Amino acid sequence: MPDQEIENKVKQIIVDELGVDENEVTPNARFIDDLGADSMVMAHFCARVRKRADLPTVSMKDVYQHPTLQGLATAIGV
């Protein structure tokens with residue numbers, strides 16, 4: 001799956017989890033520092049991604065190693 005497709009799907013889940021406007025979730029916005037997520041929110045995010053058959057699995061380790069939308073989408077799109 002191309003990174004852009006993954007990025008768009010992951011972005012929608014982040015928007016839903018955080019309850020923010022999708023314009024706030026830019027490719028390089030950091031989930032915790034810029035968007036105000038915390039570890040509990042990101043754990044819920046990972047669980048939602050894992051439930052989706054159309055997305056690769058994401059762990060908390062992935063989130064901390066790749067703390068931006070673009071970085072995470074690229075990492076899991078490999």
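Being part of a loop (DSSP other than H, G, I, E, B) and among the charged types (D, E, K, R) is the filter here, so list the residues in the range 1-30 that pass it.
The one that is part of a loop (DSSP other than H, G, I, E, B) and among the charged types (D, E, K, R): Asp21.
Identify all residues within the range 35-77 that are part of a loop (DSSP other than H, G, I, E, B) and charged (D, E, K, R); write none if there are none. Passing the criteria: Asp38, Lys51, Arg52, Asp54.
Restricting attention to the range 65-78, the residues that are exposed (fewer than 13 other Cβ atoms within 10 Å of the Cβ) and either of a type outside the set (A, V, I, L, M) or in contact with a strand residue (DSSP E or B) (Cβ under 7 Å, 6 or more places away or on another chain) (or both) add up to 1.
Within the range 16-31, the set of residues being closer than 22 Å to Ala75 by Cα and among the charged types (D, E, K, R) comprises Asp16, Glu17, Glu22, Glu24, Arg30.
Values in this text are rule-based calculations from the coordinates and carry no lab data. Remember, it's a predicted structure, so these values are computed and weren't measured experimentally. Positions of Cβ are backbone-derived with ideal geometry, glycine not excepted, and every protein chain shown enters the neighbour counts.
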